[in-house]
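Presented below is the structure to which this report refers.
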Amino acid sequence: MSIEQPPAPTRPRLSRRVREVPPSGIRRFFDVLATMPDVISLGIGEPDFTTPPQIVEEGVRSLRSGRTHYTSNHGTLELRRALSKMLERLYGVSYDPEREICITVGASEAVGAAMTALIDPGDEVVLHEPSYVAYIPAITFNGGVPVLISTVAADSFALDPAELEAAITPRTRAIFLGYPCNPTGAVLPPVTLRAIAEIAERHDLVVVSDEIYDRLVYGDHRHEAFSALPGMKERTVLMGGFSKAYAMTGWRIGYVCAPPDLLEGIVKVHQYQIMSAPTTAQDAAVVAIQGAEQDVLRMVAEYDRRRRMLVAGLNRIGLPTFEPRGAFYAFPSIIATGLTSEQFSERLLYEGKVAMVPGSAFGPSGEGHVRASYATAFEDIEEALVRIERFVATL
Ligand SMILES: Cc1ncc(COP(=O)(O)O)c(C=O)c1O
């Protein structure tokens with residue numbers, strides 16, 4: 001005799017917060033790409049260079065000398081001191097290595113930990129878009145509400161201070177900035193930065209500033225650390241990392257700097273979730289700061305050369321492209337083709353054998369654009385342009 005089983009529970013096994021975040025549009029795209037031979041990828045957001053050899057050697061030395069243990073939660077004091085000196089030298093902002101710096105697992109961890117430390121459920125975070133794909137999930141995973149402000153090529157993809165101020169409500173907890181911008185290549189002009197600083201002051205808001213592309217700026221454009229603006233250090237969470245400037249993506253090393261009360265909260269999250277950043281990578285990062293400046297300049301010069309070639313080529317093909325001022329992405333408009341950014345990317349991949357990421361992956365205003373990375377060999381970009389031109393001619 002069979003005993004009737006109770007019906008299977010229908011309650012979802014994953015939290016609503018996680019279910020409601022769509023999977024990364026970029027990842028899905030790369031899964032397809034990985035199965036296709038002969039594709040030139042302008043899709044990936046990481047340097048094609050390998051880490052400079054002296055940095056690698058230090059990692060190996062660190063491991064061989066038995067440095068295989070945890071470090072302090074904050075990271076090694078040696079790296080925090082080196083970082084503090086570097087930020088002072090580059091941007092004139094002074095962080096106390098003992099109380100105001102924490103070494104993280106990439107800027108990625110810094111973004112997530114900062115959101116956990118700052119946001120209560122229902123708090124609003126004002127964010128410009130199109131912007132890096134991890135920002136919105138970092139806000140919503142923590143129960144926060146992203147308030148999006150669109151930016152457009154006609155305004156050099158700069159956040160408009162008036163629109164920012166209009167978006168602030170009593171629930172606003174923080175302003176989130178990601179400049180130099182992935183995917184647009186925008187850098188905020190000094191006057192805009194100062195206007196945002198005044199707004200932050202007026203409304204007593206924290207500014208979270210992801211400056212991971214700080215070293216990758218071109219032409220006359222200069223990067224200013226937001227925390228270096230008058231009065232801003234006390235209300236800024238500065239985050240950055242070694243992935244981009246030093247070609248160290250796989251080492252997973254970044255940092256967060258903030259006034260002691262904010263840093264203490266972020267370190268609380270970090271200490272329970274991570275414990276400490278990888279020791280090998282921390283030791284290598286000291287050598288990156290102290291002995292790889294020429295490598296950074298060499299890589300930036302090469303990105304610049306590729307940038308100019310790629311942007312000229314895209315404009316010539318009839319895909320109008322804002323001239324990127326920082327990071328290593330071009331963000332051409334594909335509106336003239338009559339395709340959506342997903343359609344364009346998909347057809348270019350299958351028919352033209354070139355990978356570019358649909359702009360819609362970076363926010364609603366990214367629609368009508370695609371992202372092309374120039375962290376790819378010069379010759380590959382040249383060949384990609386030939387293929388893109390051929391593909392666009394068929395439309
Ligand atoms: C704007 C931005 N922030 C953060 C990250 C993550 O960097 P990390 O490798 O330091 O975690 C990326 C990586 O693409 C990025 O583009």
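What are the extents of the Cα atoms of the range 254-345 along their three principal axes, listed from largest to smallest and rounded to whole Å?
50, 33, 24
Lys/Arg Cβ at +1, Asp/Glu Cβ at -1, dipole of the range 53-292 taken about the Cα centre: which of Phe176, Val111, Gly143 is farthest positive-ward?
Val111
Among the lysines, which have Cα under 28 Å from the Cα of Lys353 when same-chain residues fewer than 8 positions away are ignored?
Lys244
Defining a contact as two alpha carbons under 8 Å apart and six or more residues distant in sequence, what relative contact order in percent does the chain show?
The normalised contact order for the chain reaches 24 percent.
Mind checking the full-extension length gain between Asp38 and Glu234? Use 0.36 nm per residue of separation minus the Cα-Cα distance, one decimal, nm.
Net length gain for the segment: 65.5 nm.
From the square roots a ≥ b ≥ c of the eigenvalues of the alpha-carbon gyration tensor of the range 221-264, which class results: rounded (a/c under 1.5), prolate (a/b over b/c), or oblate?
oblate
If I take R0 = 41 Å and measure r between the Cβ atoms of Met309 and Ala162 in this structure, what FRET efficiency does the formula 1/(1 + (r/R0)^6) give, to the nearest 0.05?
For R0 = 41 Å, the calculated efficiency reads 0.70.
What is the ratio of the Cα radius of gyration of the chain to 2.2 N^0.38 Å, where N is its residue count, to two decimals?
Rounded to two decimals, the normalised Rg is 1.02.
Starting from the Cα of Lys233, draw a straight line to each of the lysines and keep only those under 20 Å, dropping any in the same chain fewer than 8 residues away.
List returned: Lys85.
Ranked highest first by average number of other Cβ atoms within 10 Å, how do 106-117, 132-143 line up?
Taking the mean over residues of other Cβ atoms within 10 Å, the ranking is 106-117, 132-143.
At R0 = 41 Å, how high is the FRET efficiency between Ser94 and Val152 if r is their beta carbon distance? Nearest 0.05 is fine.
Plugging the Cβ-Cβ distance into 1/(1 + (r/R0)^6) gives 0.70.
In deg cm²/dmol and to the nearest 500, what is the mean residue ellipticity at 222 nm of the chain if only DSSP H runs of at least 4 residues count, each as -39500 (n - 2.57), divided by the residue total?
Computed mean residue ellipticity for the chain: -12500 deg cm²/dmol.
Taken together, the values in this text are just the output of simple stated rules run on the coordinates, not laboratory data. Predicted model only: the values in this text are computed from it and were never measured. Positions of Cβ are generated from backbone atoms using ideal geometry, with glycine treated the same way; all protein chains shown enter the neighbour counts.
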